[in-house]
Amino acid sequence: MKKGKESGKIQDHNMANEIDNEAQLETNEKVNGQLATNEEKFEPPSGEEDEKKLAAVMEMKRRKEKALVELRCRIEDAILGNFLLEKPKHDAISPRESAEAIEQLKEITLWGVPVMPSKRHVGTDVVLLKFLKAKDYKVHEAFEMLRKTLKWRQEFKADEILQENFGPDFEKVAYLNSKDREGHPLYYNIYGALRNTQIHDKILGSEEDCEKFLRWRVQYMEKGIKELKFEPGGADSIVQIIDLKNSPGPATKELRSLTRKARILLQDHYPELIHRSIIINVPLWYYVSHVLSSRLKTQRRNSKIVFARPGRVSETLLK
């Protein structure tokens, strides 16, 4: 028992450090965002400004810690009350069935990490913080997002998707290769391959093929997750590199529709797992389209997207 308590203390200490780092990073993002929009007004920070920044970091830390504790409690209650996935129909199940269902909920994992906080797995808080961050640390919204994700994974059979074989044509469109300096797996999308009519028709030729494309996209996300380390200080997100060289262009409605569906699916069920999206060989039409749509996106989402026109690809990737 003593060993378990010591393990718990170490986990809480590590997570406190993780929250410190997250709070510092988010505060820096906000400050840097303000400086980026007011470069001509920039002045070296004064002592008073340093104090304000420190106060902002401490406030963010307190907010995160409070939200994390509340989410832990809500998940624990939902598991022990047998309503993590949905509210049970008490009249329809016996006490024995309810007890069995609770035992099953206790063993639920997400991305290989136990969801039940009292198991004190080192990765649980790391995963929960992703849902909180995606919902700006609003506990109820983060809990609902987690619940919907767990239900979606059951319905989509996401835990079994790594066993599926989608054929060699998909391998020409994307692949996982190596890691960046910080240990993030690198996931490459090569949309230029879809200019080939045969490959395009095999991947996007029918409605059934389009559904297959979405499952394949989820499979690659799951492959990348296998390379992640859900622990304080670990590389717990993926760098996505999208190569638009010779891509079909804006006229390909199927591709635009599918990439949009895939993007929404990842946002809904894989929060904060994309560390950064680097889009290379960007044609003018794509850049203009992004500028127009980016007005509707949050600053944090836009800050995770990096563009490189054809002449600056090597420079961007080597940063």
*How many of the residues making up segment 242-255 are charged (D, E, K, R), surrounded by fewer than 18 Cβ atoms within 10 Å (Cβ to Cβ) and modelled with pLDDT under 75?*
1
*Tell me, please, whether a residue that is on the phi > 0 side of the Ramachandran plot, crowded, with 19+ Cβ neighbours inside 10 Å and more than 12 Å from the chain's Cα centre (by Cα) can be found in segment 125-138.*
yes
_Among (1) over 25 Å from residue 305 (Cβ atoms); (2) among the charged types (D, E, K, R); (3) more than 17 Å from the chain's Cα centre (by Cα) - the single one residue 231 does not satisfy_ = (3)
*Any idea which residue in segment 132-180 is farthest from residue 237 (Cα to Cα), counting only those that are assigned to a helix (DSSP H, G or I) and β-branched (Val, Ile, Thr)?*
139
*Might you check whether a residue that is of a type in the set (A, V, I, L, M), free of Cβ contacts under 8 Å to residues at least 40 places away in the same chain and closer than 23 Å to residue 128 by Cβ occurs anywhere in segment 215-223?*
no
*Only one of 233, 183, 205 is touching a residue at least 60 places away in the same chain (Cβ under 8 Å) and not hydrophobic (A, V, I, L, M, F, W, C); which?*
233
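Residue-wise test of (1) more than 26 Å from residue 114 (Cβ to Cβ); (2) modelled with pLDDT under 85; (3) of a type in the set (D, E, K, R).
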{"residue": "189", "(1), (2), (3)": "yes, no, no"}
{"residue": "201", "(1), (2), (3)": "yes, yes, yes"}
{"residue": "206", "(1), (2), (3)": "yes, yes, no"}
{"residue": "210", "(1), (2), (3)": "yes, yes, no"}
{"residue": "224", "(1), (2), (3)": "no, no, no"}
{"residue": "228", "(1), (2), (3)": "no, no, no"}
{"residue": "235", "(1), (2), (3)": "no, no, no"}
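Conditions tested, residue by residue: (1) more than 30 Å from residue 142 (Cα to Cα); (2) of a type outside the set (S, T, N, Q).
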position: 197; (1), (2): yes, no
position: 201; (1), (2): yes, yes
position: 204; (1), (2): yes, yes
position: 214; (1), (2): no, yes
position: 243; (1), (2): yes, yes
position: 258; (1), (2): no, yes
position: 271; (1), (2): no, yes
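Examine segment 261-273 for a residue that is at pLDDT below 65 and surrounded by 15 or more Cβ atoms within 10 Å (Cβ to Cβ), and state whether such a residue exists.
no
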*asked:* Taking the condition of being within 21 Å of residue 238 (Cα to Cα), not in a helix (DSSP H, G or I) and not β-branched (Val, Ile, Thr), how many residues in segment 91-131 meet it?
replied: 5
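The values are calculated or read from the model by the stated rules, or taken from the named source; none is laboratory data. Predicted model, so just to flag it, every value in this text is computed and none were measured. Note that each Cβ is placed from the backbone with ideal geometry, even for glycine, and that neighbours are counted across all protein chains shown.
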